[in-house]
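Engineer: The structure follows.
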Ligand code: GDP
């Protein structure tokens, strides 16, 4: 449906004035996949960028049930009590596939959701992981321009979502659980390599001893992997989001990590590298979607698929045909 062009100046001013309704509208705009909305969103981001970039961007991941929302509710409330403004964004790839979103429950983070110094936004629900990631990166710019100095991006350990989030934050926290028998169960080796801080959660009551043991074993496993850069050794702590214990210690490590990045000049380098890899990820998505939507490619694909079934064409030969069909009318 057509609508009048947005007053982007008013929207940018509303975001800078920290008006929650404007922040919400601006994020809705960057989440929209419509071409005209996207053009407006990019203009808005250009206006907001000078006011962005000053937050500590923190990724938090862990399997469903590890206690992410309870932990973020506790940490976020401590931070707002200490005078910070906290935005929580989410990257939930399950929300793009079905309505059964893992992170979508409205009752999550009840304290933060009611806290005027916090802004909690559920995951965008349209598009691919790439689309959700793009919207979230752009939402980071919006909330930073709105003066949130701590931005938490939450994700579940599904598919590529952890690396996607690690690639948009300064510090990546993995929440883990102690399991009797096999302490490393459910933790992919790849995620140990991208975690800057690891906390074994639910270290309370009868689980405390198990959690401490799991933390020691994880620290040992990390030493074997040796993934951390020389300037930073990934610490493994224990905490309980529900009891609030250990949360301050986790926060101290998150800020220590950020300080190390700043002191080495790695913060600017990391963010610039992220922007460049983001550019290439978007370029790949854009080229692929143009290629797949191209009418010459689609008609060549119809023939090629039939020939693959006949056995008269190999898949590799078919790819050459598709590329030739795509290139034929260049430039388009
Ligand atoms: P999420 O799916 O990772 O966001 O996990 P939730 O925060 O929703 O918590 C999942 C379940 O674990 C809920 O039943 C919580 O009450 C419980 N839980 C969360 N944090 C803790 C904790 O620190 N200790 C214990 N014992 N239970 C917790």
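Engineer: Out of all the residues in region 27-37, which are assigned to a helix (DSSP H, G or I) and over 20 Å from the mean Cα position of the chain (by Cα)?
Structural biologist: 35, 36, 37
Engineer: Would you check which residues across region 44-71 are part of a helix (DSSP H, G or I) and either near the ligand (Cβ under 9 Å from one of its atoms) or touching a strand residue (DSSP E or B) at 6+ places or on another chain (Cβ under 9 Å) (or both) and list them?
Structural biologist: 68, 69, 70, 71, listed by residue number.
Engineer: Let me ask something additional. Go through region 72-84 and give me each residue that's more than 9 Å from the ligand (Cβ to nearest atom) and either in a helix (DSSP H, G or I) or in contact with a strand residue (DSSP E or B) (Cβ under 7 Å, 6 or more places away or on another chain) (or both).
Structural biologist: Across region 72-84, the qualifying residues are 75, 76, 77, 78, 79, 80, 81, 84.
Engineer: Do you know which residues across region 234-253 are touching a helix residue (DSSP H, G or I) at 6+ places or on another chain (Cβ under 6 Å) and within 12 Å of the ligand (Cβ to nearest atom)?
Structural biologist: Of everything in region 234-253, those that are touching a helix residue (DSSP H, G or I) at 6+ places or on another chain (Cβ under 6 Å) and within 12 Å of the ligand (Cβ to nearest atom) turn out to be 238, 239, 241, 242, 244, 247.
Yes/no matrix, rows are residues, columns are (1) on the phi > 0 side of the Ramachandran plot; (2) within 18 Å of the chain's Cα centre (by Cα); (3) at pLDDT 95 or above:
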{"position": "25", "(1), (2), (3)": "no, no, yes"}
{"position": "44", "(1), (2), (3)": "no, no, yes"}
{"position": "56", "(1), (2), (3)": "no, yes, yes"}
{"position": "62", "(1), (2), (3)": "yes, yes, no"}
{"position": "81", "(1), (2), (3)": "no, no, yes"}
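Engineer: What are the residues in region 133-151 that are in contact with a helix residue (DSSP H, G or I) (Cβ under 6 Å, 6 or more places away or on another chain) and either free of Cβ contacts under 8 Å to residues at least 24 places away in the same chain or not in a loop (DSSP other than H, G, I, E, B) (or both), if any? So that I can check it myself, show each step before the final result.
Structural biologist: Restricting attention to region 133-151, the residues satisfying the condition of being in contact with a helix residue (DSSP H, G or I) (Cβ under 6 Å, 6 or more places away or on another chain) are 133, 135, 138-139, 141-142, 145-146, 150-151.
Hits for region 133-151 are 133, 135, 138, 139, 141, 142, 145, 150, 151.
Engineer: Let me ask something additional. Looking at region 88-104, can you tell me whether even one residue there is within 16 Å of the ligand (Cβ to nearest atom), modelled with pLDDT of 80 or more, under 18 Å from the mean Cα position of the chain (by Cα) and closer than 19 Å to residue 247 by Cα?
Structural biologist: Within region 88-104 (the criterion being within 16 Å of the ligand (Cβ to nearest atom), modelled with pLDDT of 80 or more, under 18 Å from the mean Cα position of the chain (by Cα) and closer than 19 Å to residue 247 by Cα), the answer is yes, since at least one residue qualifies.
Engineer: Of the residues 181, 147, 159, 186, which is at positive phi and at pLDDT 80 or above? Give the derivation first.
Structural biologist: Working: 181 fails: at pLDDT 80 or above; 159 fails: at pLDDT 80 or above; 186 fails: at pLDDT 80 or above.
Step by step, each of 181, 147, 159, 186 is checked, and only 147 is at positive phi and at pLDDT 80 or above.
Engineer: Something else about it: Residue pairs, Cβ under 7 Å, 6 or more apart or interchain, first in region 199-216 and on the phi < 0 side of the Ramachandran plot and free of Cβ contacts under 8 Å to residues at least 40 places away in the same chain, second near the ligand (Cβ under 10 Å from one of its atoms) and part of a loop (DSSP other than H, G, I, E, B). List them.
Structural biologist: 200/177; 211/202; 211/203; 212/203
Engineer: Could you check region 9-24 and list, in sequence order, the residues that are surrounded by fewer than 18 Cβ atoms within 10 Å (Cβ to Cβ) and part of a helix (DSSP H, G or I)? Reasoning before the result, please.
Structural biologist: Narrowing region 9-24 to residues surrounded by fewer than 18 Cβ atoms within 10 Å (Cβ to Cβ): 9-10, 13, 16-21, 24.
Within region 9-24, 9, 10, 13, 16, 20, 21, 24 qualify.
Engineer: Do we find that residue 285 is farther than 19 Å from residue 59 by Cα and surrounded by 17 or more Cβ atoms within 10 Å (Cβ to Cβ) in this structure?
Structural biologist: Against the criterion (farther than 19 Å from residue 59 by Cα and surrounded by 17 or more Cβ atoms within 10 Å (Cβ to Cβ)), residue 285 does not qualify.
Engineer: Step by step: first the residues of region 198-220, then only those that are closer than 22 Å to residue 260 by Cβ and away from the ligand (no atom under 16 Å from the Cβ), then the one that is surrounded by the most Cβ atoms within 10 Å (Cβ to Cβ). Which residue is that?
Structural biologist: If we take residues in region 198-220 being closer than 22 Å to residue 260 by Cβ and away from the ligand (no atom under 16 Å from the Cβ), then 218 is surrounded by the most Cβ atoms within 10 Å (Cβ to Cβ).
Engineer: Follow-up. Please identify the pairs in which a residue from region 267-292 that is farther than 16 Å from residue 134 by Cβ has its Cβ atom under 7 Å from the Cβ atom of a residue that is not in a helix (DSSP H, G or I), counting only partners at least 6 apart or on another chain.
Structural biologist: Close Cβ pairs (under 7 Å, with a partner that is not in a helix (DSSP H, G or I)) amount to 267/170; 270/170.
The values are calculated or read from the model by the stated rules, or taken from the named source; none is laboratory data. Remember, it's a predicted structure, so these values are computed and weren't measured experimentally. Counting neighbours? That spans all protein chains shown, and the Cβs are built from the backbone with ideal geometry, glycine included.
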